[in-house]
Amino acid sequence: MALMTPEQFEDSLKEVKPRIFMNGKRVENVLENRNTRTVVEANKASYEWALDPRYKDIMTCYSPLIDDVVNRYTYVSASNEDLVKKAEAGTFTAEMLGTCIYRCVGYDSFHSLASTTWEMDRDLGTEYRPRFMKYLKMVQTKDLSVAGALTEARGSRSKKTLDWKDPYLSLKIVDKNKDGIVVRGAKINISGAYASHEMVVLPQAAHFKGEEDYAVAFATPVDAKGITFVCQYTPYSAERDLADDIEELGNPVFGQRETALVVFDDVFVPWDRVFHCGEYQYSVKLVTRFARTHRMTCGGTCKVGFMNQIIGASKLIQEYKGLDKAAHINEELAEMVVLRETGRACGMAAAYKGTEEPEGSGVFLPDELMGNVSKLNVCNAFWRVMALAGDIGGGLIVTLPSLKELKNPEVKDYVEEFYSFGSDEPTENIMKV
């Protein structure tokens, strides 16, 4: 089985039993909790699109590793064309979901691991690359969803890792034996991993002599013994929990980006899933190669998809209000498009200028300079697009009444009349935008 159906993906999650807490309570089932369900739906969509003839060119590719078609989110780019398709997939999924795909960090980690394990084997005589490729082959064959985890709490930035009061503020190896390693610590701000099958873990930062126990990369099932997810809980989370009808929410199916603190409380990892263990000189390469890949993804692709949605909504508001000829709004929309396309151009440049890294590894990574420019550009551009959208939407963005008033016989007619703006569009649609 190289490609799962959406139904098979959902069924597969019934066999995964991660330990999850949200808002002070245990989440027993990711399929039934309203907030974790949004992550399931986003992941599930990637399986649906892979089987849709309209999108298969973006969402799938041929893998010589298993001699079959695989989901692109399980693949390591082997050419500039692959990187371009990777960029297109990032934009497509973001625009379709309006939130995170939750598979991109794992996807980008595959590139870093494939590249750096090859280099370690070449330089040190280790056997990490075959080990990783065996793991990736399993992921592709089973069409697994794999999340990624890098960010850590860390101690005082003014002190070196070995001088921290708490040595576990960075993930640390606490034991090794003939069967594997044991790790203790945590990763923070990790997107949607609990609704995946697997999680790949990389170092967050460079490590130095004496910090060998922090130089670790591995893969683990998300429900491995000792792993606990402590989920974010925001006003949007509470709104979803309390909503009478989730269809009235802004993104009813896919929701907001969901993240969690991931605790590793003496988690055992067998050797065949360990891809970096003590070779501290290579931690920085794992991090930077992930970063140059992910910055193209984050800056030049997914935020472009989000900007597409925001620009489209802004244009609809303009039309609903009869402001098609308003010069200042047209100028704002034009600026939004320029910002979006600049982001897209940076991402595509990173892909087209990408190179094999290291030479001989067979792994293509985005151009480092353009990947960084992609991320830095979007840090300003995305906020500017939202500010312009706020200007076009005006005060209504924060002053609209609830959609429930459209079902309230005492005020329904008032709301429908005064929030129609004279448009032929149903008031409900205007309010939803």
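The values are calculated or read from the model by the stated rules, or taken from the named source; none is laboratory data. Since the structure is predicted, the reported quantities are computational estimates derived from the model, not experimental observations. When we count neighbours, we look across all protein chains shown, and the Cβ atoms used for this are built from the backbone with ideal geometry, even at glycine.
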Residue under evaluation residue 282, criteria (1) over 21 Å from the mean Cα position of the chain (by Cα); (2) part of a strand (DSSP E or B), criterion not met
(2)
Of all residues in the stretch 46-81, which are surrounded by 19 or more Cβ atoms within 10 Å (Cβ to Cβ) and either of a type in the set (D, E, K, R) or not in a strand (DSSP E or B) (or both)?
46, 47, 49, 50, 58, 59, 72, 73, 74, 75, 76, 77
What number goes with the only condition from (1) in the same structural domain as residue 368 (by TED's automatic domain parsing); (2) touching a Pro at 6+ places or on another chain (Cβ under 9 Å); (3) farther than 25 Å from residue 361 by Cα that residue 295 does not pass?
(3)
Restricting to the stretch 25-48, name every residue that is more than 26 Å from residue 75 (Cα to Cα), in contact (Cβ under 8 Å) with a residue 24 or more places away in the chain and of a type in the set (D, E, K, R).
34
Has the stretch 344-355 got at least one residue that is assigned to a loop (DSSP other than H, G, I, E, B) and within 24 Å of the chain's Cα centre (by Cα)?
yes
Name, by its number, the condition in (1) over 24 Å from the mean Cα position of the chain (by Cα); (2) assigned by TED's automatic domain parsing to the domain that holds residue 111 that does not hold for residue 275.
(1)
Scan 358, 366 and give me the residue that is touching an Asp or Glu at 6+ places or on another chain (Cβ under 6 Å) and assigned by TED's automatic domain parsing to the domain that holds residue 385.
358
Restricting to the stretch 13-24, name every residue that is in contact (Cβ under 8 Å) with a residue 12 or more places away in the chain and within 20 Å of residue 262 (Cβ to Cβ).
13, 16, 17, 18, 19, 20, 21, 22, 23
Per the filter on the stretch 421-433, residues surrounded by fewer than 16 Cβ atoms within 10 Å (Cβ to Cβ) and polar (S, T, N, Q) are 423, 429
